[in-house]
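A short worksheet on the structure shown next.
What follows draws every value from the coordinates through simple rules; no lab data is involved. Just so you know, these numbers come straight off a predicted model, no measurement behind them. Counting neighbours? That spans all protein chains shown, and the Cβs are built from the backbone with ideal geometry, glycine included.
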Amino acid sequence: MGNFLAGKVVAVTGAGRGIGRAVALACAAEGARVVVNDYGVSIDGAEPTSDIAAAVVKEIVAAGGEAVAVADDISTMAGGQRVVDTALAQYGRIDGAVCVAGILRERMLFNMSEEEWDPVLATHLKGTFTVFRAASAVMRKQGAGTLIGFTSGNHQGSVSQANYSAAKGGIISLVRSAALGLHKYGVTANAVAPVARTRMSANVPMELKEIGDPEDVAALVVYLLSDRARAEKITGQVYTVAGPKIAVWAQPRELRAAYAAEPWTPERIAEFLPGTVGTDPMPLLERLEEMARAAATDSHPNA
Ligand SMILES: NC(=O)c1ccc[n+]([C@@H]2O[C@H](COP(=O)([O-])OP(=O)(O)OC[C@H]3O[C@@H](n4cnc5c(N)ncnc54)[C@H](O)[C@@H]3O)[C@@H](O)[C@H]2O)c1
């Protein structure tokens, strides 16, 4: 065992499978006592079972670590609170809260139902809020703690997962708000946009050019939870890990501005905007157009 997280108590949601499981195992291996939360659901959020969280606790204990299972649904306020209360009841404090739980319900926007929208937003975005809310109240009093949200490269937009993309964009804004609001209490907040082989990535409609394993992502999370990252004052950041690649995302900011001498009218904007403020090309849209061109060339090679 290493000692990157010696003495720390870390709660991980969605810790029964995939990336969350790897994070929980890595935290325990680095000396943390771990709350393993997982509702034990199918990829679309159905058929819960407590076996999934219990199995990871068994693995941690078998490896000589300390862990406790919470099989609650973190999309409820009570579920998020129970994750944090369990850390306090069992171990007396909470140093890290890592929100990994997620589900997918894929559909084109024009066909998407409320039953496809609501649970995806509830699991990802509200499920990060419920745990951040309960954990930050304790961390504020402790004067220390680390919050980690899980986003996705899909926060830039998605052809057929508008619900997932909207939730992942929301998580970035929630993380940045936590970083700003908790800064003076010594609490940091960061987001991770992973790319790793799991049952979820097997369902992504696009080819993933850069991909790694859940253990790659777990190493970054352990670092972000550690005193080494806290000493570097890392907060409000979004990091991608995809196998050997690690990357930081830009902070959103105004790109170009222009000022009018007189009040704006639609006519004045129509004359002014295209040549001055213009647009910022959308990388994913450019990639879609590239794919459409390649597909057209493939079907008409001599065109
Ligand atoms: N795998 C990737 O390449 C990838 C890419 C981008 C983002 N992500 C994000 O990383 C996170 C982990 O993804 P994964 O690939 O390991 O998925 P996964 O499906 O393997 O694991 C997700 C876990 O979350 C649990 N869960 C679902 N709803 C829950 C709820 N309401 N309460 C508690 N637990 C719940 C599930 O039971 C499951 O064990 C997700 O937030 C996902 O959106 C993953």
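Things worth noting here:
- With contacts taken as Cα pairs under 8 Å at a separation of at least 6 residues, the chain carries a relative contact order of 15 percent.
- Taking T76, T276, T128 in turn, the Gaussian network model of the chain (Cα-Cα springs below 10 Å) assigns the largest fluctuation to T276.
- Sum of -39500 (n - 2.57) over DSSP H runs of 4+, divided by residues of the chain (222 nm, nearest 500): -13000 deg cm²/dmol
- Here the gap between A6 and L273, fully extended at 0.36 nm per residue and compared with their Cα-Cα distance, gives a gain of 90.6 nm.
- Per-pair calculated FRET efficiency, R0 = 51 Å: A261 and S42 via Cβ, rounded to 0.05: 0.30
- Antiparallel content of DSSP bridges confined to the chain, in %, to 5: 10
- Judged by the ratio a/c of the largest to the smallest principal axis of the C-alpha gyration tensor, region 150-258 counts as oblate, that ratio being 1.5 or greater while a/b is no larger than b/c.
- Ranking of T13, T123 by neighbouring Cβ atoms within 10 Å, starting from the fewest: T123, T13.
- Listed by chain and number, the aspartates and glutamates whose alpha-carbon sits under 16 Å from that of K245, ignoring those within fewer than 8 places in the same chain, are E210, D213, E215, D216.
- Taking chymotrypsin sites (Phe, Trp or Tyr not before Pro) across region 234-303, the ones in a DSSP loop with at most 11 further Cβ atoms lying within 10 angstrom of their Cβ are Y259, W264.
- Full extension of the chain segment joining D227 with K209 gains 3.2 nm, where the gain is 0.36 nm per residue of separation less the Cα-Cα distance.
- Trypsin sites (Lys or Arg not before Pro) within region 140-210: DSSP coil, no more than 13 neighbouring Cβ in 10 Å: R199, K209
- Dividing the Cα radius of gyration of the chain by 2.2 N^0.38 Å, with N the residue count, gives 1.10.
- Distance between modelled label sites at S173 and L284, nm, 7 Å Cα→Cβ extension: 1.5
- Shape category assigned to region 40-127 from the gyration tensor of Cα positions, a/c cut at 1.5: prolate
- FRET efficiency, 1/(1 + (r/R0)^6) with R0 35 Å, evaluated for S50 and R197 via beta carbons: 0.85
- Normalised convex hull volume, region 1-153, alpha-carbon set, Å³ per residue: 107
- Ranked Y223, Y164, criterion: other C-beta atoms within 10 Å, fewest first: Y223, Y164
- The longest part of the chain holding none of the exposed loop GluC sites (Glu not before Pro), meaning those outside H, G, I, E and B in DSSP with at most 15 other Cβ atoms within 10 Å, is 1-206.
- Extension gain from A144 to Q90, taking 0.36 nm per residue of separation minus the Cα-Cα distance: 17.6 nm
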